[in-house]
Amino acid sequence: MGKRSKKIVTAGLLISLLAGLLAPAHGGGDLAHAAASNTQSLAAVYARIQTENASQVVALVNKERVAAGLKPLVVHTNLTKMAKTKAIDMYKNNYFDHNSPKYGSPFDMMDASNITFTYAGENIAKGQRSAKEAVKDWMNSPGHKANILNPNYKLIGVGYYNGYWVQEFIGK
């Protein structure tokens, strides 16, 4: 068999395997419906993982702030949406920087999201496998640690997407 034939056979085996796995779970019904349902389930699981990672970052940051004698930060819904947008943007456009080619600076993004602030900052990280690892790395970096422990910040938004971590901070 040539390379092309092997690819076709492999693809056929994968489709057969997928059909065999999905059909019994859905009473032997429509394969397209089963695949769509399975995709929705995977999307829901992945969304939950993203939300859990973001929530863990907030909890760990607040633990650091309380240990330093500061008040915990309050989660800001629009700041959280913005942080997630930034994480997705970095992943999809393959960059790692505070300035987005599409959205500009974090402050430009806040303005575009109608988020008002007197003080603002952003921490980003890439490749950490857990919220604990991301916060540890930020706390070991003087600039990032300064953002986490800045007494002027009162609100936080955290986004996570495929290994990209974003924290947005504001104070009013």
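The values are calculated or read from the model by the stated rules, or taken from the named source; none is laboratory data. Quick caveat: nothing in here was measured; it's all calculated off a predicted structure. A quick note on method: Cβ atoms are made from the backbone with ideal geometry, for glycine too, and the neighbour counts reach across all protein chains shown. The accessibility values were calculated without ligands, DNA or RNA, using every heavy atom of the protein model including side chains. Shrake-Rupley method; radii C 1.70, N 1.55, O 1.52, S 1.80 Å.
Of note:
- Selection of chymotrypsin sites (Phe, Trp or Tyr not before Pro), the range 86-172, meeting DSSP coil and at most 14 other Cβ within 10 Å: Tyr95, Phe96
- What the pair-distance distribution of the range 63-172 shows, using all Cα-Cα distances binned every 5 Å from zero, is 2, 13, 24, 26, 20, 11, 3, 0 percent.
- Surface calculation, 1.4 Å probe, protein heavy atoms: Lys132 sits at approximately 150 Å² accessible.
- Legend: distances between Cα atoms for Lys63/Lys154; Lys136/Lys172; Lys71/Lys136; pairs beyond 25 Å are Lys136/Lys172.
- Residues of the range 43-171: accessible area per residue with a 1.4 Å probe, Å²: 52 Å²
- Net charge contributed by nearby residues that have their C-beta within less than 11 Å of Thr118 (K/R +1, D/E -1): +2
- Sequence-separation-based contact order of the range 43-171, relative, with Cα cut under 8 Å and 6+ spacing, percent: 39 percent
- Ligands, DNA and RNA left out, the 1.4 Å accessible surface of the range 41-172 is 54% carbon and sulfur atoms.
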